[in-house]
Amino acid sequence: MTQVAPYRALAQCYDAVMDHVDYEVWVELIETLLEFHDHAPGDVIELGCGTATFSCLFAARNKANYLATDASREMLCVAREKARDSDIEFAQLRFESFDDQEIFDTVFLLFDGLNYITDEADVLMLFRRVYRALRSGGLFIFDQSTPANSLNNLEYFRDAGRSGLVSFIRHSEYDEETAVHTTRFEITTSDNVFEEIHFQKCYTGSQIQEILEKTEFEIEAGYDGFSLETADTESERIHWVVRKH
Ligand SMILES: C[S@@+](CC[C@H](N)C(=O)[O-])C[C@H]1O[C@@H](n2cnc3c(N)ncnc32)[C@H](O)[C@@H]1O
(Lines give C-alpha, C1' and ligand atoms only; values in the text may rest on other atoms or scores of the structure.)
Protein backbone atom coordinates (compact mmCIF):
# COMPACT_ATOMS: atom_id res chain seq x y z
CA MET A 1 0.00 0.00 0.00
CA THR A 2 1.36 3.44 -0.93
CA GLN A 3 0.86 6.25 1.59
CA VAL A 4 -0.03 9.56 -0.08
CA ALA A 5 -1.06 13.04 1.06
CA PRO A 6 -4.77 13.78 1.60
CA TYR A 7 -6.80 14.00 -1.62
CA ARG A 8 -3.98 12.89 -3.91
CA ALA A 9 -5.68 9.55 -4.66
CA LEU A 10 -9.07 10.31 -3.12
CA ALA A 11 -9.70 12.96 -5.79
CA GLN A 12 -10.47 10.15 -8.23
CA CYS A 13 -13.46 8.99 -6.17
CA TYR A 14 -14.25 12.05 -4.01
CA ASP A 15 -17.58 12.65 -5.72
CA ALA A 16 -18.61 9.07 -4.89
CA VAL A 17 -17.56 9.62 -1.25
CA MET A 18 -19.80 12.71 -1.21
CA ASP A 19 -22.72 11.01 -2.93
CA HIS A 20 -24.88 11.47 0.18
CA VAL A 21 -24.46 15.26 0.13
CA ASP A 22 -27.22 17.29 -1.52
CA TYR A 23 -25.18 20.19 -2.92
CA GLU A 24 -28.30 21.82 -4.40
CA VAL A 25 -29.73 22.19 -0.90
CA TRP A 26 -26.37 23.63 0.16
CA VAL A 27 -26.38 26.17 -2.66
CA GLU A 28 -29.97 27.13 -1.80
CA LEU A 29 -28.94 27.66 1.82
CA ILE A 30 -26.04 29.91 0.87
CA GLU A 31 -28.30 31.88 -1.51
CA THR A 32 -30.78 32.31 1.34
CA LEU A 33 -28.01 33.50 3.66
CA LEU A 34 -26.79 36.02 1.07
CA GLU A 35 -30.32 37.35 0.62
CA PHE A 36 -31.02 37.38 4.36
CA HIS A 37 -27.79 39.30 4.96
CA ASP A 38 -28.54 41.61 2.03
CA HIS A 39 -25.35 40.83 0.15
CA ALA A 40 -24.65 40.45 -3.58
CA PRO A 41 -21.85 37.90 -4.17
CA GLY A 42 -19.85 40.09 -6.64
CA ASP A 43 -16.21 38.98 -6.75
CA VAL A 44 -16.15 35.61 -5.00
CA ILE A 45 -13.27 33.41 -3.89
CA GLU A 46 -13.99 29.94 -2.62
CA LEU A 47 -11.29 28.36 -0.45
CA GLY A 48 -11.06 24.56 -0.30
CA CYS A 49 -13.40 24.13 -3.30
CA GLY A 50 -12.52 20.43 -3.71
CA THR A 51 -13.93 19.08 -6.97
CA ALA A 52 -16.07 22.23 -7.32
CA THR A 53 -19.53 20.67 -7.11
CA PHE A 54 -20.76 23.58 -4.99
CA SER A 55 -18.87 26.10 -7.14
CA CYS A 56 -20.42 24.89 -10.42
CA LEU A 57 -23.97 24.91 -9.06
CA PHE A 58 -23.57 28.28 -7.37
CA ALA A 59 -21.87 29.98 -10.34
CA ALA A 60 -24.54 28.69 -12.73
CA ARG A 61 -27.36 30.22 -10.68
CA ASN A 62 -25.83 33.49 -9.51
CA LYS A 63 -24.25 36.59 -11.03
CA ALA A 64 -20.70 36.47 -9.70
CA ASN A 65 -17.06 36.43 -10.78
CA TYR A 66 -16.04 33.14 -9.27
CA LEU A 67 -12.53 32.04 -8.36
CA ALA A 68 -12.41 28.51 -6.94
CA THR A 69 -9.25 27.46 -5.10
CA ASP A 70 -7.88 24.42 -3.30
CA ALA A 71 -4.55 23.13 -2.04
CA SER A 72 -4.87 19.86 -3.93
CA ARG A 73 -3.74 19.74 -7.55
CA GLU A 74 -5.60 16.46 -8.04
CA MET A 75 -8.91 17.85 -6.70
CA LEU A 76 -8.49 20.92 -8.94
CA CYS A 77 -7.87 18.68 -11.94
CA VAL A 78 -11.27 16.99 -11.43
CA ALA A 79 -12.82 20.41 -10.70
CA ARG A 80 -11.51 22.00 -13.90
CA GLU A 81 -12.87 19.15 -16.00
CA LYS A 82 -16.28 19.40 -14.31
CA ALA A 83 -16.41 23.17 -14.82
CA ARG A 84 -15.07 23.27 -18.38
CA ASP A 85 -18.29 24.86 -19.72
CA SER A 86 -18.45 27.47 -16.95
CA ASP A 87 -16.75 30.84 -16.40
CA ILE A 88 -15.25 29.72 -13.09
CA GLU A 89 -11.54 30.41 -12.71
CA PHE A 90 -9.34 28.06 -10.70
CA ALA A 91 -6.12 28.47 -8.78
CA GLN A 92 -4.08 26.21 -6.53
CA LEU A 93 -3.98 27.96 -3.18
CA ARG A 94 -3.24 26.85 0.37
CA PHE A 95 -5.04 28.70 3.16
CA GLU A 96 -1.59 29.50 4.55
CA SER A 97 -0.57 31.45 1.44
CA PHE A 98 -3.83 33.35 0.88
CA ASP A 99 -2.52 36.89 0.78
CA ASP A 100 -4.78 39.18 -1.25
CA GLN A 101 -5.73 42.73 -0.28
CA GLU A 102 -9.32 43.99 -0.55
CA ILE A 103 -10.20 42.41 -3.88
CA PHE A 104 -13.15 40.14 -3.00
CA ASP A 105 -16.73 40.82 -1.95
CA THR A 106 -17.40 37.30 -0.74
CA VAL A 107 -15.32 34.44 0.61
CA PHE A 108 -16.73 30.91 0.95
CA LEU A 109 -15.14 28.01 2.82
CA LEU A 110 -17.54 25.08 2.96
CA PHE A 111 -17.87 21.48 4.02
CA ASP A 112 -15.29 21.02 6.71
CA GLY A 113 -12.39 22.83 5.00
CA LEU A 114 -11.90 24.79 8.23
CA ASN A 115 -11.67 21.56 10.24
CA TYR A 116 -8.47 20.67 8.39
CA ILE A 117 -6.77 23.47 10.34
CA THR A 118 -5.89 21.64 13.52
CA ASP A 119 -4.36 24.55 15.44
CA GLU A 120 -6.39 27.50 16.79
CA ALA A 121 -3.60 29.98 16.07
CA ASP A 122 -3.73 28.95 12.40
CA VAL A 123 -7.52 29.40 12.33
CA LEU A 124 -7.01 32.95 13.62
CA MET A 125 -4.36 33.54 10.98
CA LEU A 126 -6.73 32.38 8.23
CA PHE A 127 -9.54 34.61 9.54
CA ARG A 128 -7.16 37.58 9.42
CA ARG A 129 -6.09 36.69 5.88
CA VAL A 130 -9.73 36.48 4.78
CA TYR A 131 -10.44 39.83 6.47
CA ARG A 132 -7.60 41.49 4.55
CA ALA A 133 -8.75 40.00 1.25
CA LEU A 134 -12.30 41.34 1.57
CA ARG A 135 -13.45 44.77 0.48
CA SER A 136 -15.32 46.85 3.00
CA GLY A 137 -18.84 45.40 3.38
CA GLY A 138 -17.57 41.98 2.28
CA LEU A 139 -18.98 38.75 3.70
CA PHE A 140 -17.19 35.58 4.80
CA ILE A 141 -19.46 32.53 4.92
CA PHE A 142 -17.97 29.32 6.25
CA ASP A 143 -19.06 26.22 8.02
CA GLN A 144 -17.54 24.05 10.71
CA SER A 145 -18.21 20.56 11.89
CA THR A 146 -18.45 20.31 15.71
CA PRO A 147 -17.64 17.50 18.20
CA ALA A 148 -21.39 16.71 18.27
CA ASN A 149 -21.20 15.79 14.58
CA SER A 150 -18.56 13.13 15.28
CA LEU A 151 -20.18 11.90 18.50
CA ASN A 152 -23.70 11.58 17.02
CA ASN A 153 -22.79 9.91 13.74
CA LEU A 154 -20.67 6.89 14.67
CA GLU A 155 -22.70 4.71 12.26
CA TYR A 156 -21.04 6.51 9.32
CA PHE A 157 -17.51 5.81 10.58
CA ARG A 158 -17.15 2.74 8.33
CA ASP A 159 -18.06 3.12 4.74
CA ALA A 160 -17.09 1.87 1.29
CA GLY A 161 -17.93 2.75 -2.29
CA ARG A 162 -16.77 2.89 -5.86
CA SER A 163 -16.46 5.31 -8.76
CA GLY A 164 -15.83 3.45 -12.02
CA LEU A 165 -12.60 1.47 -11.58
CA VAL A 166 -11.65 3.21 -8.32
CA SER A 167 -12.98 1.94 -4.99
CA PHE A 168 -12.55 3.24 -1.43
CA ILE A 169 -12.88 2.00 2.13
CA ARG A 170 -13.21 4.60 4.89
CA HIS A 171 -12.60 4.12 8.63
CA SER A 172 -12.96 7.00 11.06
CA GLU A 173 -12.11 7.47 14.71
CA TYR A 174 -12.89 10.36 17.02
CA ASP A 175 -10.73 11.19 20.04
CA GLU A 176 -12.89 13.08 22.53
CA GLU A 177 -9.87 14.30 24.49
CA THR A 178 -8.10 15.97 21.57
CA ALA A 179 -11.28 16.57 19.51
CA VAL A 180 -9.41 15.19 16.51
CA HIS A 181 -11.38 13.20 13.95
CA THR A 182 -9.09 10.86 12.03
CA THR A 183 -10.18 9.26 8.78
CA ARG A 184 -8.21 6.54 7.01
CA PHE A 185 -9.03 5.98 3.36
CA GLU A 186 -7.87 2.93 1.43
CA ILE A 187 -8.22 3.69 -2.28
CA THR A 188 -7.82 0.97 -4.87
CA THR A 189 -7.16 1.94 -8.48
CA SER A 190 -6.41 -0.32 -11.45
CA ASP A 191 -2.67 -0.23 -10.69
CA ASN A 192 -2.18 0.43 -6.96
CA VAL A 193 -3.64 0.64 -3.46
CA PHE A 194 -3.21 3.98 -1.69
CA GLU A 195 -3.68 5.00 1.93
CA GLU A 196 -4.55 8.55 3.01
CA ILE A 197 -4.92 9.71 6.62
CA HIS A 198 -6.93 12.88 7.19
CA PHE A 199 -6.87 14.77 10.50
CA GLN A 200 -9.68 17.19 11.26
CA LYS A 201 -10.11 19.23 14.44
CA CYS A 202 -13.67 19.45 15.72
CA TYR A 203 -13.93 22.91 17.28
CA THR A 204 -16.96 23.80 19.35
CA GLY A 205 -19.04 26.77 18.21
CA SER A 206 -17.79 28.74 21.22
CA GLN A 207 -14.17 28.11 20.28
CA ILE A 208 -14.74 29.47 16.77
CA GLN A 209 -16.70 32.41 18.17
CA GLU A 210 -13.82 33.25 20.53
CA ILE A 211 -11.36 33.18 17.63
CA LEU A 212 -13.65 35.37 15.50
CA GLU A 213 -13.86 37.84 18.41
CA LYS A 214 -10.10 38.31 18.19
CA THR A 215 -10.55 39.67 14.64
CA GLU A 216 -12.24 42.80 13.35
CA PHE A 217 -15.08 40.82 11.77
CA GLU A 218 -18.60 41.54 12.91
CA ILE A 219 -20.33 38.23 13.63
CA GLU A 220 -23.74 38.55 11.98
CA ALA A 221 -24.85 34.97 12.66
CA GLY A 222 -23.94 31.40 13.46
CA TYR A 223 -26.68 29.12 12.12
CA ASP A 224 -27.53 25.61 13.21
CA GLY A 225 -26.96 23.14 10.36
CA PHE A 226 -29.03 24.00 7.30
CA SER A 227 -31.53 26.10 9.21
CA LEU A 228 -31.90 29.76 10.07
CA GLU A 229 -32.00 28.91 13.80
CA THR A 230 -29.15 30.19 15.94
CA ALA A 231 -26.56 27.48 16.58
CA ASP A 232 -26.23 26.08 20.09
CA THR A 233 -24.10 23.53 21.92
CA GLU A 234 -25.97 20.65 20.22
CA SER A 235 -25.35 21.87 16.68
CA GLU A 236 -23.47 19.34 14.56
CA ARG A 237 -22.63 21.88 11.84
CA ILE A 238 -22.57 25.66 12.07
CA HIS A 239 -22.72 28.13 9.19
CA TRP A 240 -21.08 31.39 10.20
CA VAL A 241 -21.79 34.69 8.45
CA VAL A 242 -19.27 37.41 9.36
CA ARG A 243 -18.74 40.83 7.81
CA LYS A 244 -15.92 43.28 7.26
CA HIS A 245 -17.06 46.89 7.78
C1 LIG B 1 -13.95 17.94 2.69
S2 LIG B 1 -13.21 18.72 1.31
C3 LIG B 1 -14.48 19.90 0.86
C4 LIG B 1 -14.43 20.27 -0.58
C5 LIG B 1 -15.57 21.12 -1.09
N6 LIG B 1 -15.66 22.37 -0.37
C7 LIG B 1 -16.87 20.38 -1.01
O8 LIG B 1 -17.83 20.92 -0.44
O9 LIG B 1 -16.98 19.27 -1.54
C10 LIG B 1 -11.99 19.77 2.03
C11 LIG B 1 -11.12 20.45 0.99
O12 LIG B 1 -10.26 21.35 1.68
C13 LIG B 1 -9.01 21.33 1.03
N14 LIG B 1 -7.98 21.76 1.99
C15 LIG B 1 -7.61 21.13 3.14
N16 LIG B 1 -6.61 21.81 3.73
C17 LIG B 1 -6.36 22.89 2.94
C18 LIG B 1 -5.43 23.97 3.02
N19 LIG B 1 -4.57 24.07 4.03
N20 LIG B 1 -5.46 24.92 2.05
C21 LIG B 1 -6.34 24.82 1.01
N22 LIG B 1 -7.23 23.80 0.88
C23 LIG B 1 -7.24 22.85 1.83
C24 LIG B 1 -8.81 19.89 0.58
O25 LIG B 1 -7.84 19.78 -0.45
C26 LIG B 1 -10.24 19.52 0.18
O27 LIG B 1 -10.44 19.70 -1.20
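The values are calculated or read from the model by the stated rules, or taken from the named source; none is laboratory data. Here the structure is a predicted model, which is why all the values come from computation and not from measurement. Positions of Cβ are generated from backbone atoms using ideal geometry, with glycine treated the same way; all protein chains shown enter the neighbour counts.
Across region 163-178, what is the total count of residues that are modelled with pLDDT of 95 or more and surrounded by fewer than 18 Cβ atoms within 10 Å (Cβ to Cβ)? Qualifying residue count, region 163-178: 8. For region 68-83, residues that are near the ligand (Cβ under 8 Å from one of its atoms) and either in a helix (DSSP H, G or I) or surrounded by fewer than 23 Cβ atoms within 10 Å (Cβ to Cβ) (or both) total 4.
In the set V123, V130, V180, only one residue is farther than 30 Å from T2 by Cα, in contact with a strand residue (DSSP E or B) (Cβ under 8 Å, 6 or more places away or on another chain) and β-branched (V, I, T); that residue is V130.
Figure legend. Inter-residue proximity from region 50-67: first residues over 21 Å from Y14 (Cα atoms), second residues in a strand (DSSP E or B) and of a type in the set (V, I, T), beta-carbon distance below 8 Å, spacing 6+ or different chains. Indicated pairs: A64/V44; A64/T106; N65/V44; Y66/V44. Exactly one residue out of E210, E218 is surrounded by fewer than 16 Cβ atoms within 10 Å (Cβ to Cβ), over 21 Å from E176 (Cβ atoms) and assigned by TED's automatic domain parsing to the domain that holds E28, and it is E218.
Selection within region 52-67: residues that are assigned to a loop (DSSP other than H, G, I, E, B) and surrounded by fewer than 22 Cβ atoms within 10 Å (Cβ to Cβ). The member of this set that is farthest from the ligand (Cβ to nearest atom) is K63. Applying the set (1) assigned to a helix (DSSP H, G or I); (2) under 18 Å from the mean Cα position of the chain (by Cα) to F226 leaves exactly one unmet item: (1). Pairs are defined by a Cβ separation below 6 Å, a sequence spacing of at least 6 or placement on different chains, a first member in region 176-192 that is without any contact (Cβ under 8 Å) to a residue 40 or more places away in the chain, and a second member that is assigned to a loop (DSSP other than H, G, I, E, B); the pairs so defined are A179/C202; S190/L165.
Restricting attention to region 84-115, the residues being surrounded by 17 or more Cβ atoms within 10 Å (Cβ to Cβ) and assigned to a helix (DSSP H, G or I) number 3.
Checking the structure you have, find out if any residue of region 167-183 is of a type in the set (V, I, T) and within 13 Å of Q144 (Cβ to Cβ). Among the residues of region 167-183, not one is of a type in the set (V, I, T) and within 13 Å of Q144 (Cβ to Cβ), which makes the answer no. Within region 12-50, the set of residues being of a type in the set (F, W, Y) and near the ligand (Cβ under 9 Å from one of its atoms) comprises Y14, Y23, W26.
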